[in-house]
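The values are calculated or read from the model by the stated rules, or taken from the named source; none is laboratory data. Bear in mind the structure is a predicted one, so any value in this text is a computation, not a measurement. We place every Cβ from the backbone using ideal geometry, glycine too, and count neighbours over all the protein chains shown. Accessible surface areas use protein heavy atoms only, side chains included; no ligands, DNA or RNA. Shrake-Rupley method; radii C 1.70, N 1.55, O 1.52, S 1.80 Å.
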Amino acid sequence: MPDLSTTYLGLSLPHPVVASAGPLSHDLDGIRRLEDGGAAAIVLFSLFEEQIRWENEALAILTAMGADSTGEASTYFPPIGDFAAGPEAYLELLGRAREAVGVPVIASLNGTTSSGWVDYARLMHEAGASAIELNIFYVPADASATGREVEQRYVDIVSAVCRAVPIPVAVKLSPFFSAMGEMARRVVSAGASGLVLFNRFYQPDFDLERMEVTPSLELSSPSEIRLPLLWLGILHGRIQTSLAATTGVHTHQEVAKYLLAGADAVMTTSALLKHGPGHARTLVEGLTSWLDRKNFSSVAEIKGSMSQRHVADPTAFERANYMKVLQSWRPGR
Ligand SMILES: Cc1cc2nc3c(=O)[nH]c(=O)nc-3n(C[C@H](O)[C@H](O)[C@H](O)COP(=O)(O)O)c2cc1C
């Protein structure tokens, strides 16, 4: 029986399959089912900066109005309960999850600025989070913003949160940096203990009948592993940090590929939504059979063994491979 154990963000895990942030962790029941389904750790859905801001603004408005006007105010503003449901309910769920499950629970913060919500990182730590994942979702729509300014924004958020909490902080990065390697280094220098590759950006669609921009969130497919696979393979062994893979993990094959590239943990959301939380165990069983069949004794043995530093042809990760692919391509293939 191969040894599947791994270490991610300093957390010892029995195997590398982790439930990434998503709707299955929205309540305690779902969190329990993720543990029962075999996930080695659970990343909770994100607490959004907007939810925190709404709460702060609503409280400020009500406080400024004075006691005698709150009755009237309540008819003008959405019920305070709606605002408070965000961060407070999140922290309560986190605390209850820590008591209810034995696996590490990683809280997730989604924001774009370093002010105001860093306190919530501290509260997440106090509520018992094993670690915090920062999901920095930021589309630099201001066409005058420079690449360095955009990068600095990430670095500022990471250092502010890392200064605020003693627990490990992982950063779920976007793939859209012109110098991914240096950006990864800067994020780690700012205090991150791990990188999660990559954030799967929400990309709006157009409704041609209603002529509206519509939200669209589709489940991933296995072919989407390629971009994270490329960068895990390049970064492994070059940056001293924990690495997690996210996107496209539907079968044990994607798990194995990500481990070979250098991931310490392999995360999945879409496949668990599609097949149910028990699919985590199916992935682990598939990985075990594959390791057995290939005569590997452990996950540690294969981790990073096909990263750019270890493969016979390191140019396979770079431009040379592009030319090979084009030269071997034939119409109709
Ligand atoms: C319905 C849904 C909700 C999600 N919610 C979050 C979230 O709250 N925070 C976050 O960081 N990622 C969120 N994600 C992204 C996932 O954590 C994951 O990174 C992404 O879906 C790629 O992995 P997959 O191919 O296994 O789905 C969500 C994904 C889906 C499909």
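Some observations on this one:
- Helix 147-164 vs. the chain, principal-axis angle (Cα, 0 to 90°, nearest 10): 70 degrees
- Per residue, the chain exposes 50 Å² of accessible surface when a 1.4 Å probe is rolled over the protein heavy atoms with every protein chain present.
- Distance (nanometres) between label positions extended 7 Å along Cα→Cβ at residue 203 and residue 119: 3.8 nm
- Segment residue 112-residue 305, extension gain: residue separation times 0.36 nm, minus the distance between their alpha carbons: 65.9 nm
- Ordered by 1.4 Å accessible area with all protein chains kept, 285, 182, 133 run largest first as 285, 182, 133.
- Local charge for residue 148 was computed over the other residues whose Cβ lies under 14 Å away, with Lys and Arg +1 and Asp and Glu -1, and equals -3.
- Scanning the chain for chymotrypsin sites (Phe, Trp or Tyr not before Pro) in DSSP loops with at most 11 neighbouring Cβ atoms within 10 Å leaves 1-200 as the longest stretch between them.
- Nearest 10 degrees, 0 to 90: helix 49-65 Cα axis against the chain principal axis: 10 degrees
- Distant-in-sequence amide contacts of residue 5, defined by a placed amide H-H separation under 5 Å and a gap of 5 or more residues or a different chain, comprise 299.
- The chain, accessible surface, carbon-and-sulfur percent (1.4 angstrom probe): 54 percent
- Under the convention that each Lys and Arg Cβ holds +1 and each Asp and Glu Cβ holds -1, the size of the dipole of the chain around its Cα centre is about 1780 debye.
- 222 nm mean residue ellipticity, helices alone, for the chain (DSSP H n ≥ 4; -39,500 (n - 2.57); rounded to 500): -13500 deg cm²/dmol
- Within straight-line cross-link reach of residue 257, aspartates and glutamates at Cα separation under 19 Å, skipping those fewer than 8 residues along the same chain: 3, 224, 285, 292, 301, 313, 318
- Between residue 196 and 171, 172, 173, 244, the built amide H atoms are under 5 Å apart, and every one of these is 5 or more places off in sequence or on another chain.
- FRET efficiency for residue 148 and residue 315, using Cβ-Cβ distance with R0 set to 22 Å, rounded to 0.05: 0.15
- For segment 166-174, putting each phi into the Karplus relation 6.51 cos²θ - 1.76 cosθ + 1.60 with θ = phi - 60° gives couplings of x, 8, x, 10, 9, 10, 7, 8, 8 Hz, in residue order, rounded to whole numbers and with x for Gly and Pro.
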